[in-house]
Amino acid sequence: MARYTLAMRIRFLLCLASIAFLGCVAIPRGLPVDPNATPVLFENFSKAQEAPVSWMVLNGEVTLNVTNRNRFLSLPAEPLQPHGVMFGPAFRDGLRVAARFRAEKKGRQSPTFGLGLNGISGYRLRVNPAQKKLELLRNEVRVHAVDFEWNAEEWTYLMLQVRELPGLQWAVEGKAWPATQKVPETWTLKWKDAGAPLPGRASVWGTPYSGKPIAVDDVQVWRID
């Protein structure tokens, strides 16, 4: 096991040393290196003028904004409906996605936002500030939730992964944390699914209940062992 772990660490470091080789990508600051995860996509929009052409925009029109020298994707403030963008490879399992979000509230109205895997009808990890919950949805139906306190107008990281388990089961795991804090060591939301997920791409989502755009940055996808 020690040799296996060392080999994986060496492979990961070589990937970082040669970003262009074999599709390796950069690692956003604030996320720890995981030797069991191989990066396949990273986008921080630093050199982009619009959403990458391979990304699929769902509902509304996304734009790129710049604030304090930081360039980020902006999900629209209207119409009042879920706005999403799909990206990366399509897989059934063995994928992890992460991104950071920034949104505002207006009075008692707060947006919802989150990550997705397995396409439109797959899994979504969603922050629901009105209910103070971190929710897991499958095919837009909530299947699990845990308590989560959202800090308005601050960047919030989300991470979601789906992996196959023995016995035709799938583990769906997620976590959320303020960008000013360390990454939680354990998954704060865990759920097992006996129904096989369909292959699909990763995604980011937001619903602008507060009438404000939702910022998305440091989008990354990994293949996990």
Considering region 70-82 alone, what residues qualify as being in a loop (DSSP other than H, G, I, E, B), of a type outside the set (A, V, I, L, M, F, W, C) and crowded, with 16+ Cβ neighbours inside 10 Å? PRO76, PRO82
Any residue in region 179-208 that's over 20 Å from VAL146 (Cα atoms): show its pairings with residues that are of a type in the set (Lys, Arg) and surrounded by 11 or more Cβ atoms within 10 Å (Cβ to Cβ) at Cβ separation under 6 Å, as long as the two are six or more apart or on different chains. PRO197/ARG92; PRO199/ARG92
Qualifying position, being under 18 Å from SER121 (Cβ atoms), of a type outside the set (S, T, N, Q) and touching a strand residue (DSSP E or B) at 6+ places or on another chain (Cβ under 6 Å), among GLY174, GLY195: GLY174
Mind checking which residues of region 89-108 are touching a Lys or Arg at 6+ places or on another chain (Cβ under 9 Å), surrounded by fewer than 22 Cβ atoms within 10 Å (Cβ to Cβ) and closer than 22 Å to PRO208 by Cβ? GLU104, LYS105, LYS106
For region 83-98, pairs from a residue that is assigned to a loop (DSSP other than H, G, I, E, B) to a residue that is acidic (Asp, Glu) and modelled with pLDDT of 95 or more, with Cβ under 6 Å and 6 or more apart or across chains, are ASP93/GLU164
Hey, VAL66 β-branched (Val, Ile, Thr), surrounded by fewer than 19 Cβ atoms within 10 Å (Cβ to Cβ) and assigned to a loop (DSSP other than H, G, I, E, B) or not: no
Restricting the search to region 99-114, which residues are part of a strand (DSSP E or B), touching a strand residue (DSSP E or B) at 6+ places or on another chain (Cβ under 9 Å) and more than 13 Å from ASP217 (Cβ to Cβ)? THR112, GLY114
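The values are calculated or read from the model by the stated rules, or taken from the named source; none is laboratory data. In this text, all values refer to a predicted model and were calculated from it rather than measured experimentally. So basically every Cβ, Gly included, is an ideal-geometry build from the backbone, and we count neighbours across all protein chains shown.
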